[in-house]
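Asks: First the structure, which I've put down as structure tokens, then a few questions once you've had a look.
The values are calculated or read from the model by the stated rules, or taken from the named source; none is laboratory data. All values derive from a computational prediction rather than experimental measurement. Reconstructed Cβ throughout: ideal geometry from the backbone, glycine too, with neighbour counts over all protein chains shown. All accessible areas refer to the heavy atoms of the entire protein, side chains included, with ligands and DNA or RNA removed. Shrake-Rupley method; radii C 1.70, N 1.55, O 1.52, S 1.80 Å.
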Amino acid sequence: MNSSRLGGCTLTGAISVTSHIRDTVTVVHGPKGCSHHNASLLHAICLDDDRMVMPSLISTALGESEIIFGGEEALRSTIRHAAGRDVSAIFVLSTCIVDTIGDDTCWICAEEYGVPVIPIPTAGFLGGSFQDGMNNALIALAGIAEPCPATGGINLIGEMNLEYEVRENSAEISRLLSLLGLNVNLHFVHDTTFSQLSLLGAARLNILRSPSLVPVGEVLKEQFGTPYIPSFPHGLSGTLSFIRTVAGACGIDGQEAVSGECVRQEEMIAGFSDLSNKPVSLDHTLPCVKEIPATEELAAVLDRVEEIQAAGELAARLRLPVSSDGNGISLPVGSAIGTAGTRRMLHRWRRAIHA
């Protein structure tokens with residue numbers, strides 16, 4: 001229960017990004033098992049989302065010989081094979097074994113193959129995490145984008161492609177932006193094409209999915225001068241604050257949008273009045289961190305604290321007495337992005353209370 005959702009494999013974090021660029025191939029430089037594990041994971045998630053799409057992964061399939069004598073020729077051969085497909089780019093992800101034996105992945109990728117070949121460091125055996133993999137992938141992709149004319153739109157940065165509500169969360173942020181007359185310039189990166197990445201520098205504002213992506217936000221700010229907001233909004237007041245912050249960053253009067261969203265939230269709360277006065281308990285579990293926490297661990301804690309605070313505010317608005325000793329009906333506390341995400345959490349609370 002104390003495991004951080006950001007603490008998984010670095011390679012998986014990077015693949016969660018590169019696999020969402022439709023016209024590309026991801027080469028995993030390492031043993032077959034690393035690719036098999038991630039392909040199975042991504043395929044299962046696609047099936048749960050009613051999408052019959054297999055991730056475009058190719059393994060260099062290193063065996064004993066390559067691990068002893070080096071796998072650079074296997075990587076070169078695999079990249080040439082991938083380049084023979086109808087692809088716009090190839091991403092090369094390193095694994096722990098490759099960094100251990102010292103293959104010069106960047107040197108092999110710098111050769112001419114007819115398509116861009118982008119190496120991404122993803123070996124996590126020295127302490128890397130899932131979030132490091134995501135950040136490394138996004139920063140590597142940012143490095144290939146050039147300055148371009150401004151569109152006035154907004155970039156969504158680092159959407160969590162492995163979470164079940166990624167599409168719903170994206171739609172909610174798009175809805176909130178539309179209240180201010182704004183639109184999404186680029187999903188960086190969710191279900192996009194390689195050519196669309198060229199629009200990265202055209203936005204007036206970047207919105208990060210979570211504070212764990214601040215290193216990416218800083219890179220984009222330095223590269224393109226684009227300011228950023230560090231997180232999607234959690235809960236009721238968080239959503240209103242988000243609208244105000246975006247409006248201020250874009251020089252827009254957001255009062256009408258805030259007022260309209262307040263009315264929407266009041267109507268939503270009224271629709272769940274049947275939950276009032278039920279004694280409940282809320283899950284206050286925080287991610288486990290080291291004695292000296294890393295940046296992404298601190299960000300995970302901050303993100304979780306926002307989720308808990310949003311749940312507490314929601315319980316107060318519904319007049320739900322929250323038990324401090326855990327004796328009330330146990331209610332789930334998860335990510336409630338915007339008003340729509342809060343509504344989905346309320347439906348889960350209703351099922352728990354009336355079970």
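Asks: How many residues are open to solvent by 20 Å² or more (accessible area, probe 1.4 Å), under 18 Å from the mean Cα position of the chain (by Cα) and not aromatic (Phe, Trp, Tyr) when one looks only at segment 122-143?
Replies: Matching residues across segment 122-143 total 5.
Asks: Given segment 1-99, what helices (runs of 4 or more DSSP H) lie entirely inside it while holding 2 or more residues that are farther than 19 Å from Phe125 by Cα and either touching a Ser or Thr at 6+ places or on another chain (Cβ under 9 Å) or at pLDDT below 90 (or both)?
Replies: In segment 1-99, the matching helices (runs of 4 or more DSSP H) lie at 32-48, 64-69, 72-83.
Asks: Now a separate question. Within segment 300-309, how many residues turn out to be open to solvent by 20 Å² or more (accessible area, probe 1.4 Å), touching a residue at least 40 places away in the same chain (Cβ under 8 Å) and in contact with a strand residue (DSSP E or B) (Cβ under 8 Å, 6 or more places away or on another chain)?
Replies: Residues flagged as open to solvent by 20 Å² or more (accessible area, probe 1.4 Å), touching a residue at least 40 places away in the same chain (Cβ under 8 Å) and in contact with a strand residue (DSSP E or B) (Cβ under 8 Å, 6 or more places away or on another chain) within segment 300-309 amount to 2.
Asks: Can Asp253 be described as open to solvent by 50 Å² or more (accessible area, probe 1.4 Å), assigned to a helix (DSSP H, G or I) and either modelled with pLDDT under 95 or within 21 Å of Arg204 (Cβ to Cβ) (or both)?
Replies: No; evaluated as a whole, the condition is false for this residue.
Yes/no per residue for (1) more than 30 Å from Val117 (Cβ to Cβ); (2) assigned to a loop (DSSP other than H, G, I, E, B):
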| residue | (1), (2) |
| --- | --- |
| Glu146 | no, yes |
| Thr151 | no, yes |
| Asn155 | no, no |
| Glu159 | no, yes |
| Ala171 | yes, no |
| Gly181 | yes, yes |
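Asks: Please identify the pairs in which a residue from segment 220-248 that is closer than 16 Å to Leu208 by Cβ has its Cβ atom under 7 Å from the Cβ atom of a residue that is buried (at least 17 other Cβ atoms within 10 Å of the Cβ) and of a type in the set (Lys, Arg), counting only partners at least 6 apart or on another chain.
Replies: Here the result reads Phe232/Arg209, each pair linking segment 220-248 to a residue that is buried (at least 17 other Cβ atoms within 10 Å of the Cβ) and of a type in the set (Lys, Arg).
Asks: Looking at segment 310-355, which of its residues are touching a Ser or Thr at 6+ places or on another chain (Cβ under 9 Å), surrounded by fewer than 17 Cβ atoms within 10 Å (Cβ to Cβ) and within 15 Å of His234 (Cα to Cα)?
Replies: Glu313
Asks: Could you check segment 195-217 and list, in sequence order, the residues that are part of a loop (DSSP other than H, G, I, E, B) and either surrounded by fewer than 20 Cβ atoms within 10 Å (Cβ to Cβ) or free of Cβ contacts under 8 Å to residues at least 12 places away in the same chain (or both)?
Replies: Answer for segment 195-217, where residues must be part of a loop (DSSP other than H, G, I, E, B) and either surrounded by fewer than 20 Cβ atoms within 10 Å (Cβ to Cβ) or free of Cβ contacts under 8 Å to residues at least 12 places away in the same chain (or both): just Arg204.
Asks: Give just the number: which of (1) of a type outside the set (S, T, N, Q); (2) out of contact with any strand residue (DSSP E or B) (no Cβ under 8 Å at 6 or more places or on another chain); (3) within 20 Å of Thr10 (Cβ to Cβ) does Glu112 not satisfy?
Replies: Glu112 satisfies all of (1) of a type outside the set (S, T, N, Q); (2) out of contact with any strand residue (DSSP E or B) (no Cβ under 8 Å at 6 or more places or on another chain); (3) within 20 Å of Thr10 (Cβ to Cβ) except (3).
Asks: Still on this structure, please answer the following. What pairs come out if I take residues in segment 56-75 that are over 16 Å from Thr105 (Cβ atoms) and pair them with residues that are surrounded by 17 or more Cβ atoms within 10 Å (Cβ to Cβ) and among the aromatic types (Phe, Trp, Tyr) whose C-beta lies under 8 Å away, six or more apart or interchain?
Replies: Between residues of segment 56-75 that are over 16 Å from Thr105 (Cβ atoms) and residues that are surrounded by 17 or more Cβ atoms within 10 Å (Cβ to Cβ) and among the aromatic types (Phe, Trp, Tyr), there is no close pair.
Asks: Would you mention how many residues in segment 261-276 are charged (D, E, K, R) and under 20 Å from Val322 (Cβ atoms)?
Replies: Qualifying residue count, segment 261-276: 1.
Asks: In the set Asp99, Asp86, which member is among the acidic types (Asp, Glu), surrounded by fewer than 23 Cβ atoms within 10 Å (Cβ to Cβ) and more than 30 Å from Leu298 (Cα to Cα)?
Replies: Checking each option against the conditions leaves just Asp86.
Asks: Among what's in segment 144-164 and is open to solvent by less than 40 Å² (accessible area, probe 1.4 Å) and within 14 Å of the chain's Cα centre (by Cα), pick the residue that is nearest to Phe224 (Cα to Cα).
Replies: That would be Asn155.
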